[in-house]
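**Student:** The structure follows.
The values are calculated or read from the model by the stated rules, or taken from the named source; none is laboratory data. Computed from a predicted structure; not experimentally measured. Positions of Cβ are generated from backbone atoms using ideal geometry, with glycine treated the same way; all protein chains shown enter the neighbour counts. Calculation scope for accessible area: heavy atoms of the full protein, side chains included, ligands and nucleic acids excluded. Shrake-Rupley method; radii C 1.70, N 1.55, O 1.52, S 1.80 Å.
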Amino acid sequence: MNRDGVTVIDHPLVSHKLTLMRDKETSTKSFRQLLREISLLLCYEATRDLEMTQVEIETPLTTMMAPKIAGKKLVFVPILRAGMGLLEGMLELVPSARVAHVGLYRDPKTLVAVEYYFKAPEDIGDRLVIVLDPMLATANSAVAAVDRLKERGARTIRFVCLLAAPEGLEHMRGAHPDVPIYCAAVDSHLNEKGYIVPGLGDAGDRMYGTK
């Protein structure tokens, strides 16, 4: 389902795996495995319209013109730390992709994103950039990450997450209307602490078994 730059990937396998991830009884090991599996499906949708070109190859029987992805390789940008959980599956599908990193943490009192690390390829402006973060809650971290990537020269950016809150979508679309968003579900709202409800808790804590 696509609406105003937001694509909700309502595939049965995505919905099923997301339900398992929401369950508070799901173990850390299972949570990480499900996140890797669902990231494959999210990557499939987020790269559906990549530009293609025709190249000549030789099969065991003959030569032919065959489709191949055009241009330079993708750049995946996990927002540390939780974004790393989506990266593994993405790299399985696109092992030649470059990887950039944006380190941000959310101030627990102000909910403002604070940057502590940034590293990206020099030629990022020539590549499709896909930003990864399981949760689009307040969108403060997502907006800050895209701000930095654009400052570095990124021109074509997409954002991939598991869950989004309406408040986060509004903030992200308002700040960066040129950045399409791909998610598995849009939940009800944010609570007073900035967590998505019903959500799945803190994705980073559940990935790494921390509190």
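**Student:** Go through region 38-135 and tell me which strands (runs of 3 or more DSSP E), entirely inside it, have 3 or more residues that are free of Cβ contacts under 8 Å to residues at least 24 places away in the same chain.
**Tutor:** Result: 52-58, 63-69, 113-119.
**Student:** Conditions first: (1) without any contact (Cβ under 8 Å) to a residue 60 or more places away in the chain; (2) open to solvent by 10 Å² or more (accessible area, probe 1.4 Å). Residue 173 passes all but one, so which condition is the exception?
**Tutor:** Only one criterion is unmet by residue 173, namely (1).
**Student:** Open to solvent by 20 Å² or more (accessible area, probe 1.4 Å), without any contact (Cβ under 8 Å) to a residue 60 or more places away in the chain and not in a loop (DSSP other than H, G, I, E, B), is that true of residue 167?
**Tutor:** The answer is yes for residue 167.
**Student:** Hey, any hits in region 107-123 for a residue that's open to solvent by less than 40 Å² (accessible area, probe 1.4 Å) and within 15 Å of the chain's Cα centre (by Cα)?
**Tutor:** No, there is no match, as no residue in region 107-123 is open to solvent by less than 40 Å² (accessible area, probe 1.4 Å) and within 15 Å of the chain's Cα centre (by Cα).
**Student:** Something else: Kindly list the number of the only condition in (1) assigned to a strand (DSSP E or B); (2) in contact with a Leu (Cβ under 7 Å, 6 or more places away or on another chain); (3) under 30 Å from residue 25 (Cα atoms); (4) without any contact (Cβ under 8 Å) to a residue 60 or more places away in the chain that fails for residue 182.
**Tutor:** For residue 182, the failing item is (4).
**Student:** Kindly provide the set of residues from region 138-153 that are free of Cβ contacts under 8 Å to residues at least 60 places away in the same chain and either open to solvent by 10 Å² or more (accessible area, probe 1.4 Å) or assigned to a helix (DSSP H, G or I) (or both), ordered by number.
**Tutor:** Listed by number, the residues that qualify are 138, 140, 143, 144, 146, 147, 148, 150, 151, 152, 153.
**Student:** Going by what's in this entry, would residue 17 be described as more than 30 Å from residue 155 (Cα to Cα), open to solvent by less than 50 Å² (accessible area, probe 1.4 Å) and either of a type in the set (Lys, Arg) or in a strand (DSSP E or B) (or both)?
**Tutor:** So residue 17 fits the description; yes.
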